[in-house]
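Student: I'd like to ask you about the structure that follows.
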Amino acid sequence: MTRDWLQSALEAAGIQSARLLPLWRFMWIVSIVVFVLVVAAALWAVARHRRDAAPPPSERGMTRAILGATALTIATLFAFLVLDFSTGRAITRVPHNPLVIRLTGHQWWWEVEYDDSIPQRHLRTANEIHVPVGRPVLFQLESGDVIHSFWVPSLAGKKDQIPGKENSVWFQADTAGIYRGQCAEFCGYQHAKMALLVIAVPPDSFSKWYDSQLQPAAPPADSIAARGQSVFVSSACVMCHTIEGTQAGSNVGPPLTHIASRRTIAAGTLENTRGNLAGWIVDPQRIKPGANMPPNGLSSADLNALLTYLEGLR
Amino acid sequence: MTDVAAPPRLAAERIGSAAPAPDVAELERTWHERGGFWGWLTTVDHKSVAKRYIITAFGFFLLGGILAAAMRLQLSRPENTVLGPDRYNQFFSTHGTTMMFLFAVPVMYSLGLYLVPLMVGTRNVAYPRLNSYGYYTYLVGGLFLWVSLVLNTGPDTGWFSYVPLAGPEYSPGKRVDVWGQAVTFTEIAALVAAVEIIATAFKMRAPGLSLHRLPLFVWAQIVTAFMIIFAMPWVAVASQLLPLERLVGTHFFNPAEGGDALLWQHLFWFFGHPEVYIIFIPALGIVSQVVTTFSRRQIVAYPAMVLALVATGVLAFGLWVHHMFATGLPQMGMSFFTAASALIAVPTGIQFFCWIATLWSGRPRLEVPLLFILGFVVVFMIGGLSGVMVASVPWDLQVHDTFFVVAHLHYVLLGGGVFPLFAGFYYWFPKFTGRMLSPALGRLNFWLFFIGVNLTFFPMHELGIDGMPRRVYTYLAATGWGGLNLLASIGATIIALSVITFLANVAWSLREGDVAGPNPWEADTLEWGTASPPPPYNFAELPVVEGRGGLWSRSEARPVVTGLRSDLREVLVTTVLDAVPDHLHFQPSPSVWPLLAALATGVLFISGIFTPWGFVVGAALVTLALVGWAWPRGKELEDQRRQEQRA
């Protein structure tokens, strides 16, 4: 995989993470100043008396110096608190007219659901979140099992997904691009390989993408793909995955209706290529040990057909 | 020797240098600890128990360090396969559990168990057998954790064991139960140590050593002991509720049945945050002693120092929610914890200013202990400043549970714990062993450690900001995190070299080091007023303290307590505030019952996770052991009778 994404709290691509930059600069500069002053004072205190044996400073003078330094500390911390509280308030303010997405964390993938007042326009996908540039997106965070945490550094701070608790977080992508995030709460074996991509595109591209994702899966284009489809619905795949427009309708694993349109597989772990997909289907435990997908002993003809079918699911 | 009616023996506290010298040979016989294996098992001498504690804790430090090295090896390049997720998760969980519960907290209070009786001028801790029981409980718990790890049953849900991941549904098997019970053992040991330190420091001080004259190390230990007493019950509750959830099927943390997953986090962090200060505050005490000795003057603004220690101890209980900023608690409530987290920088700042003023106005000698204190200043400052940063809710929401926090906590715990610990070890090693550690190796030890710590942990700040979460067993090459991780791994090897240098120094100095004499650093506090290492009875004659200074300000007369019996294990009990002699107390002799009671406790906790009958059998065994412990024995009865007769 080549890096074509941003994933840094300081490479802000949206208002929510950009709000942090003044606070960060303040903390960073004050920290350097405080560090240099205190360390220099300590080193100088040890070094100077090894040279001169002048009479020590008066206790009163030192008490004053300590009081002064303490007052300065309190004043600095107060300035920090003011800046921190105002930043915090700005970040928690609820946005106007957001796009609402329900994001559910699973061991170890993300289920993404776009709510719409028209039930037919309700969209369910996985691991890649397309959002329109310039519009706030409100995430309703849920968990299907243990605690996960949703975090896309370039867009916003994290928020935990806790079973039995309703959490939400919002961000707005102000520039088009790809923003990567990883689960930020330890969630078991494959916590390390539970990533997602946020793909921010202009609003009209977003509408196009949305409409195409609402379509049922493309029918098999040729006989090999048709064989692939029948492999899918007659093997273990069908126990967990959905492909709209076929009999496969299980919600245990990520929906695969438009799997070929995604950039990555296995929750942001592998580039979505034919070879990677083959390796993942045959032996997921080699790539993500402990993942809930079992190995699939398919014949090479079946595997090839299945791959051809899945590659057609754009 | 004794002559007076009730309160019989108090009048015997004749004070003055003219009193007859004590019968040292008889003292030696009375306080003698049997040699050999049996003597080793039964000793109740606070110095033997504390030395064991320190050595055991250091052993766990090495083991935890080996796990850290393995993890750094795994993370040194992307998509590495040295450790798989299963092993990695066990390693980081056991690393954290070991370093917090088996190394940092015990090593700090065991320094107190060694030094507090000496610093307050008494012969032993208040409850010597209980002290021995505490050590054995800790040892059983530590061995249980590590044997389990070797048997591939090490905990794998972190040192925090968040539910529901650690609950019955997502962590079947015994791994989390091992974690819970190993923690329970260390809680008992810590509570025992806290009781020892409070009772010893409050009631067994030398006459004249009133509270406002106490060395800051003893103050730090008192504050810590009270924190243990208020913090440990919370994790004790938590570490019992979790096995109940897992073994009995309760639903305290199960939202589907009306429980609450966040309840666990509140319980754990209400203990877990004070825990950090339970490590840090004794370290502050070490810093104060070392700064005092090597500045060759009393600490500046002593009352402010004491108040700062107490304030830190109190404020530490108001910070726990800053571990939970990302859980979606109300903004208003979190602001309170931000303010409290920023506020706790003030007492720490005051102590820094007082130390600098002390060094400034003293005539500092840059010996190895002071060198480590300067290392502490640099490293802890970085950790403290990043600590104020993560107190900010918006900033913490970015860096929480990332390598930024890994950097922060290691700067705080290595800077605020291990650097002072090394300083203290170089400082008190002559007292423990009678020999000096080599200063040349000490300087090498320091510089390797200083460079290694910064090289390992500083790059992690940037990794966290760049999106690398904690507790990941690997990362994709495309993330670009490989370079900084490699740098951190190189730093870890330098830390390892430093620790090897330290071990070599100890091994060499035990045989070849310069003989220390009673007070090699010309220090002030009372532990330096007796031989190095101290005899089993600590002081032939208990000192009487006349001013704030101990040895520095003793008058020519060097007053001592006389009239204590040398044919019985007798100690002087004084009043809490002013240390006026109050009464005499008779201490128990060596016994094997504390060991048996600890083993019975081990049966109770360990077998309990396999079968409910384990609790029944274990409880019966503990009861038997306690009965045996408390059973009056002939010699003791006779001793007591003799004491009463003579009184």
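Student: What does DSSP give for the protein assembly as shown in terms of the percent of beta bridges that are antiparallel, rounded to the nearest 5?
Tutor: Roughly 75 percent of the DSSP beta bridges within the protein assembly as shown come out antiparallel.
Student: Let me ask another. Over chain B, calculate the relative contact order: mean separation of alpha carbon pairs under 8 Å at least 6 apart, over the residue count, as a percent.
Tutor: Answer for chain B is 22 percent.
Student: I would also like to ask the following. Give the peptides A:12-18, A:140-146 in descending order of average Cβ contacts within 10 Å, highest first.
Tutor: Numbers: A:12-18: 22.4, A:140-146: 20.7.
The densest-packed peptide leads the list: A:12-18, A:140-146.
Student: Identify which of A:TRP151, A:TRP44, A:TRP280 has the largest mean-square fluctuation in a Gaussian network model of chain A, with springs joining Cα atoms closer than 10 Å.
Tutor: A:TRP44
Student: Would you mind classifying the stretch A:1-81 by shape? Square roots of the alpha carbon gyration tensor eigenvalues, ordered a ≥ b ≥ c; an a/c under 1.5 is rounded, otherwise it is prolate if a/b is larger than b/c and oblate if not. Display every interim value, and only then the final one.
Tutor: Details: a/c = 7.97, a/b = 2.30, b/c = 3.46.
Oblate is the answer for the stretch A:1-81, as a/c is 1.5 or above yet b/c matches or exceeds a/b.
Student: Step through the residues of the stretch A:300-314 one at a time and calculate ³J(HN,Hα) from phi using the Karplus curve (6.51 cos²θ - 1.76 cosθ + 1.60, θ = phi - 60°), rounding each to whole Hz and writing x for Gly and Pro.
Tutor: 5, 5, 4, 4, 4, 5, 4, 5, 4, 4, 5, 5, x, 8, 7
Student: Nearest 5 percent is fine: what portion of the DSSP beta bridges confined to chain A is antiparallel? Let's see the in-between values first.
Tutor: Details: 29 of 42 bridges.
Bridges in chain A that DSSP calls antiparallel: roughly 70 percent.
Student: Now for a different question. Fewest first, what order do A:LYS159, A:LYS208 take by the number of other Cβ atoms within 10 Å?
Tutor: Placing the least packed residue first, the sequence is A:LYS208, A:LYS159.
Student: While we're on this one: Taking a ≥ b ≥ c as the square roots of the Cα gyration tensor eigenvalues, with a/c under 1.5 meaning rounded and otherwise prolate when a/b beats b/c, else oblate, which class fits the stretch A:170-246?
Tutor: oblate
Student: Please give the helix A:20-48 orientation as an angle from the longest Cα principal axis of chain A, in degrees from 0 to 90, rounded to the nearest 10.
Tutor: 40
Student: Enumerate the lysines that A:LYS159 could reach by cross-link, defined here as Cα to Cα under 28 Å, with residues fewer than 8 away along the same chain left out.
Tutor: Straight-line reach from A:LYS159, under 28 Å: A:LYS193, A:LYS288.
Student: So how many Lys-Lys pairs in chain B land under 27 Å Cα to Cα, not counting same-chain pairs under 8 apart?
Tutor: Lysine pair count for chain B: 7.
Student: Peptide B:327-333: average number of partner chain Cβ atoms within 10 Å per residue?
Tutor: Details: counts 9, 10, 1, 1, 6, 3, 0.
Average neighbour count from other chains, rounded to a whole number: 4.
Student: Now, a different point. Compute, for the stretch B:265-423, the length of the dipole vector about the Cα centre, with Cβ point charges of +1 (Lys, Arg) and -1 (Asp, Glu) only. Units Debye, rounded to 20.
Tutor: Details: 4 positive and 4 negative charges, 125 e Å.
The dipole of the stretch B:265-423 has a size of about 600 debye.
Student: HN-Hα J couplings of the stretch B:614-624 from phi, Karplus 6.51/-1.76/1.60, θ = phi - 60°, integer Hz, Gly and Pro as x?
Tutor: x, 5, 5, 4, x, 4, 5, 5, 4, 4, 4
Student: Between B:ALA477 and B:ARG443, what length comes free when the chain is fully extended (0.36 nm per residue of separation minus the Cα-Cα distance, one decimal in nm)?
Tutor: Numbers: separation 34, 0.36 × 34 = 12.24 nm, distance 3.85 nm.
Gain on stretching B:ALA477 to B:ARG443: 8.4 nm.
Student: Put +1 on the Cβ of each Lys and Arg and -1 on the Cβ of each Asp and Glu in chain B; which of B:HIS212, B:PRO590, B:HIS323 then has its Cα farthest toward the positive end of the dipole?
Tutor: It is B:PRO590.
Student: Taking the protein assembly as shown, how much of its Cα-Cα pair set, in percent, is spaced more than 41 angstrom apart?
Tutor: Value for the protein assembly as shown (Cα pairs over 41 Å): 44 percent.
Student: To continue, here is another question. In peptide A:77-89, what is the residue-averaged number of other protein chain Cβ atoms found within 10 Å of each Cβ?
Tutor: Mean number of neighbouring Cβ atoms from other chains: 5.
Student: Given points 7 Å out from each Cα along the Cα-Cβ axis, report the B:VAL627 to B:ALA504 separation in nanometres with one decimal.
Tutor: Modelled inter-label distance: 5.7 nm.
Student: Please arrange B:GLU187, B:GLU638 by how many other C-beta atoms lie within 10 Å of their C-beta, fewest to most.
Tutor: Taking fewest neighbouring Cβ atoms as first place, the list is B:GLU638, B:GLU187.
Student: What is the Cα centroid distance between the stretch B:404-481 and the stretch A:252-280, reported in whole angstrom?
Tutor: Using only Cα atoms to place each centre, the spacing works out to 41 Å.
Student: Using a Gaussian network model of chain A with C-alpha springs under 10 Å, which one of A:PHE171, A:PHE150, A:PHE35 is most mobile by mean-square fluctuation?
Tutor: Between A:PHE171, A:PHE150, A:PHE35, it is A:PHE35 that shows the largest mean-square fluctuation.
Student: What are the ³J(HN,Hα) couplings of the stretch A:275-285, residue after residue, when phi is run through the Karplus curve with 6.51, -1.76, 1.60 and θ = phi - 60°? Round to Hz, x for glycine and proline.
Tutor: Karplus values, whole Hz, x for Gly and Pro: x, 4, 4, 4, x, 5, 5, 6, 9, x, 5.
Student: Sticking with this one: Report D for chain B in µm² per second (integer): Stokes-Einstein, Kirkwood Rh on Cα pairs, 10 °C, 1.306 mPa s.
Tutor: For the chosen part, D equals 62 µm²/s.
Student: So what's the Cα pair-distance distribution over the stretch B:146-213, bin width 5 Å, in %?
Tutor: 4, 14, 17, 14, 10, 8, 7, 7, 7, 7, 4, 1
Student: Can you tell me the FRET efficiency between B:THR575 and A:ARG121 if r is taken as the Cβ-Cβ distance and R0 is 60 Å, rounded to the nearest 0.05?
Tutor: With a Förster radius of 60 Å, E is 0.15.
Student: Specify which residue in the list B:LEU484, B:LEU542, A:THR92 is farthest towards the positive end of the charge dipole of the protein assembly as shown, using unit charges on the beta carbon of Lys, Arg (+1) and Asp, Glu (-1), about the Cα centre.
Tutor: Selected residue: B:LEU542.
Student: What number does the stretch B:107-262 give for Rg over Rh if you use C-alpha atoms and the Kirkwood radius?
Tutor: Radius of gyration over Kirkwood radius for the stretch B:107-262 works out to 1.10.
Student: Collect residues whose amide H, placed 1.01 Å from N in the peptide plane, falls under 5 Å from the amide H of B:ASP582; neighbours closer than 5 in sequence don't count.
Tutor: Those qualifying (amide H under 5 Å, at least 5 residues apart or on another chain) are B:VAL573, B:THR574, B:THR575.
Student: Right, next: Using Cα centres only, tell me the gap between the stretch B:271-338 and the stretch B:83-139 in whole Å.
Tutor: 20
Student: Work out the FRET efficiency for B:MET332 and A:VAL252 from their Cβ-Cβ distance, taking R0 = 30 Å, and round it to the nearest 0.05.
Tutor: The pair B:MET332/A:VAL252 has a calculated efficiency of 0.15.
Student: Compare A:ALA90, A:ALA217, A:ALA260 in a GNM of chain A, Cα atoms joined below 10 Å, and give the one with the largest fluctuation.
Tutor: Greatest mean-square fluctuation among the candidates belongs to A:ALA90.
Student: Relative contact order (percent) for the stretch B:305-357, with alpha-carbon contacts under 8 angstrom and 6 or more residues of separation?
Tutor: Once normalised by length, the contact order is 52 percent.
Student: Which of the listed residues, A:ALA184, B:PHE376, B:SER171, is farthest toward the dipole's positive end in the protein assembly as shown, when Lys, Arg count +1 and Asp, Glu count -1 at the beta-carbon?
Tutor: B:PHE376
Student: Starting with the highest mean, order B:109-118, B:143-152, B:38-47 by the number of other Cβ atoms within 10 Å, averaged over the residues of each peptide.
Tutor: Values: B:109-118: 26.9, B:143-152: 16.8, B:38-47: 19.1.
Those peptides, ordered most packed to least, come out B:109-118, B:38-47, B:143-152.
Student: What is the magnitude of the charge dipole of chain A about its Cα centre, with +1 placed on the Cβ of each Lys and Arg, -1 on the Cβ of each Asp and Glu, and no other charges, expressed in debye to the nearest 20? Before the final figure, lay out each step's value.
Tutor: Details: 27 positive and 24 negative charges, 242 e Å.
The calculated dipole for chain A is roughly 1160 debye.
Student: Between the stretch B:161-217 and the stretch B:25-77, what is the C-alpha centre distance in whole Å?
Tutor: Answer, in whole Å: 17.
Student: Can I ask one more? Give the average, rounded to an integer, of partner chain Cβ atoms located within 10 angstrom of each Cβ in A:63-73. Spell out each step's value before the answer.
Tutor: Numbers: counts 5, 0, 5, 11, 4, 1, 7, 9, 0, 2, 8.
Rounded to a whole number, the mean comes out at 5.
Student: On to the next question. Would you work out the relative contact order for chain A, in percent, from Cα pairs under 8 angstrom that are 6 or more residues apart? Before the final figure, lay out the partial values.
Tutor: Working: 547 pairs, mean separation 53.8, N = 314.
Contact order relative to length: 17 percent.
Student: For the stretch A:156-314, what class follows from the C-alpha gyration tensor (a ≥ b ≥ c being the square roots of its eigenvalues): rounded when a/c is under 1.5, otherwise prolate if a/b is larger than b/c, else oblate?
Tutor: Note, shape of the stretch A:156-314 comes out oblate.
Student: Still on this structure, I have one more. State to the nearest 20 debye the size of the charge dipole of the protein assembly as shown about its Cα centre, where the only charges are +1 on K and R beta carbons and -1 on D and E beta carbons.
Tutor: 1680
Student: Now for a different question. List B:MET381, A:MET239 from most exposed to least, where exposure is judged by having the fewest other Cβ atoms within 10 Å.
Tutor: With the fewest neighbours first, B:MET381, A:MET239 line up as A:MET239, B:MET381.
Student: Can you give me the angle between helix B:105-119 and the longest principal axis of chain B, using Cα atoms only, in degrees from 0 to 90, rounded to the nearest 10?
Tutor: So the inclination is approximately 20 degrees.
Student: Please sort by residue number the trypsin sites (Lys or Arg not before Pro) in the stretch A:21-88 whose DSSP state is loop and whose Cβ has at most 11 other Cβ atoms within 10 Å.
Tutor: Details: sites: A:ARG25, A:ARG48, A:ARG50, A:ARG51, A:ARG60, A:ARG64; in loops: A:ARG50, A:ARG51.
Loop-located and lightly packed - A:ARG50, A:ARG51.
Bear in mind that the values in this text are calculations on the coordinates, not laboratory data. Remember, predicted model here, so these are calculated numbers, not experimental data. Methodologically, a virtual Cβ is constructed for each residue, glycine included, from the backbone with ideal geometry; neighbour enumeration extends over all protein chains shown.
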